[in-house]
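Below: one structure in structure tokens.
The values are calculated or read from the model by the stated rules, or taken from the named source; none is laboratory data. Predicted model, so just to flag it, every value in this text is computed and none were measured. Methodologically, a virtual Cβ is constructed for each residue, glycine included, from the backbone with ideal geometry; neighbour enumeration extends over all protein chains shown.
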Amino acid sequence: MDRQITIIGGGLAGCEAAWQAAHRGCWVTLYEMKPKRFSPAHISPDLAELVCSNSLRSNSLENAVGLLKEELRRLNSLILAVAEETRVPAGDALAVDRQAFAASITSRIEKAERIEIIREEVTEIPPDGIVIIASGPLTSPALAEPLQRLTGGESLYFYDAIAPIVDGDSLDLKVIFRASRYGEGNDYLNCPMNHEEYHLFVEELMKGEKVPYRDFEKPVHFEGCLPVEEMAERGPETLAHGPMKPVGLKDPRTGRTPYAVVQLRHEDSQGSAYNLVGFQTKLKWKEQERVFRLIPGLEKAQFLRFGSLHRNTFIHSPTLLDKTLQLRKDPRILFAGQITGVEGYVESTAMGLLAGINAARLAKGESWVIPLPTTAMGSLVHYITAPQVKEFQPMNVNFGLFPPMEGRFRGRDKKRATSERALKDLGDWVRTQMKDA
Ligand SMILES: Cc1cc2nc3c(=O)[nH]c(=O)nc-3n(C[C@H](O)[C@H](O)[C@H](O)COP(=O)(O)OP(=O)(O)OC[C@H]3O[C@@H](n4cnc5c(N)ncnc54)[C@H](O)[C@@H]3O)c2cc1C
């Protein structure tokens, strides 16, 4: 059939992609393996199931995920519309009643004119036609195998061990000092700790509430990737000899080597985002804020991405995907959602929306679109497809991914100005490139 699109996976990204493509006059076949087969984290037969938290995070335009949500609203996202309808009180955050949310999306997709849902597990990539792969972080093993072949051997990753990233503007540089070990450069920011500060930190770290391991995550335990709190449990001095070792570093305020040091590494060239080196963790997000703010210099740290350690199937997008989310070596295949290397509900939805739009444009013989890097959606697309200087790691949206603002902005003003620029550029982009949006 003309204008036919196949989508694999009825999660957030697959549903959003199906909705966008059908809205543009295409015929969509959406494959979802539930309820015949469930991933280890999914339990509901509904589409668009939220597997963990019921929060889509901040709604504020001073937060990059708040901006991304606003962009999605302006692009007529199904997921955002239903999230607003099913929201529950959660302060500044957009949280939803997860059952009502998934039920409403399922019902809308079932009733949509040009969408057919097939409840089957896909075990081969369809050899013809336009295909969107949106099978998520827990892609079934039977599909992971052909995907591995399609993406070339080792390009399919299975585990994330992610350290938190903090906003450079929120750091106390009166306490933190810049240095590399043994005076060889200035590449790191160092948070120095004395004996007391270190032991208090280790105690609180061990007390911190953790996200429990699920059975399928246990094999992730390999050295070098241990959560920081598990390293601490091996003995009170383990961290001081491991990721927090102070050797080769002198605090310029005292002229002495601190008892322990937390090192922060640049995430971007502008110094707007820093990674806590070696701090992959299973602590709950609230606990990460509480415990990591005990580190000298991080008392007011704003977290752009929280640490995590969980199973995650994602492709090596920098070498595999174009900015349209098409597979370079076979452009009739697009990827959407968390499998592209973004992280989180809203980010996955955004990659579904873009894949749905581009698949529809491809089906209709129109030229594809690429969001501008100054928008939240564009910043993510540019991040996942840019040649990486270091190992490619999944990423939440954050202001560190955006091109720098011209002019002297700092702190909240910078964030507000970045959001204003993004929404203006999104408007221009829609007017000039996406007349059907
Ligand atoms: C354990 C865990 C906890 C998480 N917690 C959070 C959190 O608290 N907050 C947050 O923002 N993000 C969280 N995430 C990330 C979040 O799950 C994703 O960002 C989001 O759900 C991804 O959307 P998606 O559409 O790409 O994948 P999914 O929502 O997982 O959807 C993929 C769909 O594809 C189906 N599928 C898989 N294989 C096949 C196949 N072969 N054939 C047919 N169908 C198939 C699945 O059944 C599923 O319905 C978590 C992830 C995991 C694994």
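Using beta carbons and a limit of 9 Å, which pairs, at least six apart or on different chains, have the first residue in region 22-41 and in contact (Cβ under 8 Å) with a residue 12 or more places away in the chain and more than 16 Å from T123 (Cβ to Cβ) and the second one aromatic (F, W, Y) and outside any loop (DSSP other than H, G, I, E, B)?
Within 9 Å, the pairs are V28/W19; P40/F216; A41/F216.
Quick check on region 36-51. Is at least one of its residues touching a strand residue (DSSP E or B) at 6+ places or on another chain (Cβ under 7 Å), assigned to a loop (DSSP other than H, G, I, E, B) and within 9 Å of the ligand (Cβ to nearest atom)? Let's see the steps before the verdict.
Of all residues in region 36-51, those touching a strand residue (DSSP E or B) at 6+ places or on another chain (Cβ under 7 Å) come to none.
The answer is no; no qualifying residue exists.
Here's a follow-up. Would you mind telling me which numbered condition in (1) more than 7 Å from the ligand (Cβ to nearest atom); (2) of a type in the set (D, E, K, R); (3) in contact with a Pro (Cβ under 8 Å, 6 or more places away or on another chain) D2 fails?
(3)
Then there is this: Being part of a loop (DSSP other than H, G, I, E, B), within 14 Å of the ligand (Cβ to nearest atom) and not hydrophobic (A, V, I, L, M, F, W, C) is the filter; apply it to region 14-35 and report the residue that is surrounded by the most Cβ atoms within 10 Å (Cβ to Cβ).
Taking region 14-35 as the starting set, the residues that turn out to be part of a loop (DSSP other than H, G, I, E, B) are 24-26, 32-35.
Still in the running and within 14 Å of the ligand (Cβ to nearest atom): 32-35.
Within this subset, residues satisfying the condition of being not hydrophobic (A, V, I, L, M, F, W, C) are 32, 34-35.
Details: E32: 28, K34: 18, P35: 12.
It comes out as E32.
Could you list all residues from region 76-93 that are surrounded by fewer than 21 Cβ atoms within 10 Å (Cβ to Cβ) and more than 23 Å from G411 (Cα to Cα)?
First, the residues of region 76-93 that are surrounded by fewer than 21 Cβ atoms within 10 Å (Cβ to Cβ): 76, 81, 84-93.
Once the filter is applied, which keeps residues that are surrounded by fewer than 21 Cβ atoms within 10 Å (Cβ to Cβ) and more than 23 Å from G411 (Cα to Cα), region 76-93 yields N76, A81, E84, E85, T86, R87, V88, P89, A90.
Which one is modelled with the highest pLDDT, of the residues in region 52-89 that are near the ligand (Cβ under 9 Å from one of its atoms) and farther than 24 Å from G378 by Cα?
Looking at residues that are near the ligand (Cβ under 9 Å from one of its atoms) and farther than 24 Å from G378 by Cα, I get N54.
Now for a separate question. Look through region 300-356, keep the residues that are within 9 Å of the ligand (Cβ to nearest atom) and of a type in the set (D, E, K, R), and return whichever of them is modelled with the highest pLDDT.
E347
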